[in-house]
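Worksheet: the structure to be examined is printed underneath.
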Amino acid sequence: MTADSSKHTPATPSAGAAGLTGSALGKSLVWSEEFDVPIAWGQRWVGDRTSAYRYVNHNPDDNKLDWLDPGCVTVSGSVATFTATPAHHTLENGRRAWRTGLLTTEYSDEGFRVRTGDYAEVRVRLPHREGAWPALWTWKDGGNEVDTFEYHPDNPHLLELSNHVHDACTYYTDADTIVPDGWVTLGSHYGERCVDWYVDGERVFRDGTGVGHGWSAYLILNLSLCAGEYHPAPSGRRAVTFAVDHLRVYR
């Protein structure tokens, strides 16, 4: 989940199937997190570290105020809520950190990875407070990153969709579907020659580059906090929240 979005270009919806799921792509559900039980820390998820962060639990180099804390992800009513609040830690750049939540399959006992041909789908409620930077993305061995979505409330109707494996990315804008505090279902099909992105079952972008044969990566679902270089940092001390209903992978 990189901070520099300067290479993005506008996108408009392309033909797709309303209500698409992985099964509509001829795939079967192979892994899911419904958030109907407490987080399976260690077994399924890890929340205190990721190799995507320079300092393992924080990463000021990427314009982030994050300081990872598993206690910032809670489950209630089959919904996971990520809550970020100011921390007592000071980052290497002198900025004050924010405690926030991250879920990754990396380092977990399961060690689940998505791979070429999989379709991943997440249903989220987009945050409304400036400084929020939620995303679903992938990571392994210093790369293999595909961003199913990144969102910033200062661009309230816009998603960033990126394939960093073969350098393809776009902005997707929809004033009706992409709204702060609104629920939306987002998906990525990690094709060998083309990654496809879906919003509420409609294909909205095809990158024409794909992830290649033999690609695989761990999942990361998180709420980052912007440090202000590309998007506004959070103001004041009020909590920033982000909610997730489910995360599913079809193969």
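The values are calculated or read from the model by the stated rules, or taken from the named source; none is laboratory data. In this text, all values refer to a predicted model and were calculated from it rather than measured experimentally. No Cβ is skipped: glycine too gets one built from the backbone with ideal geometry, and neighbour counts run over all protein chains shown. Just the protein is used for accessible areas: all its heavy atoms, side chains included, with ligands, DNA and RNA removed. Shrake-Rupley method; radii C 1.70, N 1.55, O 1.52, S 1.80 Å.
When the range 35-50 is filtered for residues that are open to solvent by less than 50 Å² (accessible area, probe 1.4 Å) and part of a loop (DSSP other than H, G, I, E, B), the ones remaining, listed by number, are F35, I39, A40, G42, R44, G47, T50.
Of everything in the range 7-34, what is charged (D, E, K, R), at pLDDT 50 or above and part of a loop (DSSP other than H, G, I, E, B)? Give them in sequence order.
Initial filter on the range 7-34 (charged (D, E, K, R)): 7, 27, 33-34.
This time we only want the ones that are at pLDDT 50 or above, so: 27, 33-34.
Within the range 7-34, K27, E34 meet the criteria.
Residues in the range 73-105 that are under 16 Å from the mean Cα position of the chain (by Cα) and open to solvent by less than 20 Å² (accessible area, probe 1.4 Å): V73, A80, F82, A84, T100, G101, L102, L103, T104, T105. Filtering the range 206-227 to residues that are over 16 Å from the mean Cα position of the chain (by Cα) and either open to solvent by 40 Å² or more (accessible area, probe 1.4 Å) or modelled with pLDDT under 95 (or both) leaves R206, G208, T209, H213, G214.
With respect to the conditions (1) open to solvent by 10 Å² or more (accessible area, probe 1.4 Å); (2) over 30 Å from G191 (Cα atoms), V240 falls short on a single one, namely (1).
Screening K64 on (1) at pLDDT 95 or above; (2) out of contact with any Gly (no Cβ under 8 Å at 6 or more places or on another chain); (3) loosely packed, with under 11 Cβ neighbours inside 10 Å shows it passes everything except condition (3). Suppose we filter the range 87-127 for residues that are free of Cβ contacts under 8 Å to residues at least 40 places away in the same chain and β-branched (V, I, T); how many remain? Qualifying residue count, the range 87-127: 1.
Of all residue pairs spaced 6 or more apart or on separate chains, those with beta-carbon atoms under 6 Å, a first member in the range 180-193 that is within 15 Å of N144 (Cα to Cα) and a second member that is open to solvent by 50 Å² or more (accessible area, probe 1.4 Å) are E192/H213. Is it the case, given these coordinates, that G182 is out of contact with any Ser or Thr (no Cβ under 6 Å at 6 or more places or on another chain), at pLDDT below 95 and over 18 Å from T138 (Cα atoms)? For G182, the condition - out of contact with any Ser or Thr (no Cβ under 6 Å at 6 or more places or on another chain), at pLDDT below 95 and over 18 Å from T138 (Cα atoms) - is not met.
In the range 196-208, the residues that are within 14 Å of A168 (Cβ to Cβ) form Cβ pairs under 7 Å with partners that are open to solvent by 60 Å² or more (accessible area, probe 1.4 Å), at six or more places apart or across chains, as follows: D196/R206; V204/P13. Scanning the range 140-182 for residues that are in contact with a Leu (Cβ under 6 Å, 6 or more places away or on another chain) and open to solvent by 40 Å² or more (accessible area, probe 1.4 Å) yields Y171, T173, P180.
Note on the range 122-139: among residues that are open to solvent by 10 Å² or more (accessible area, probe 1.4 Å) and not basic (K, R), the one that is nearest to A233 (Cα to Cα) is E130.
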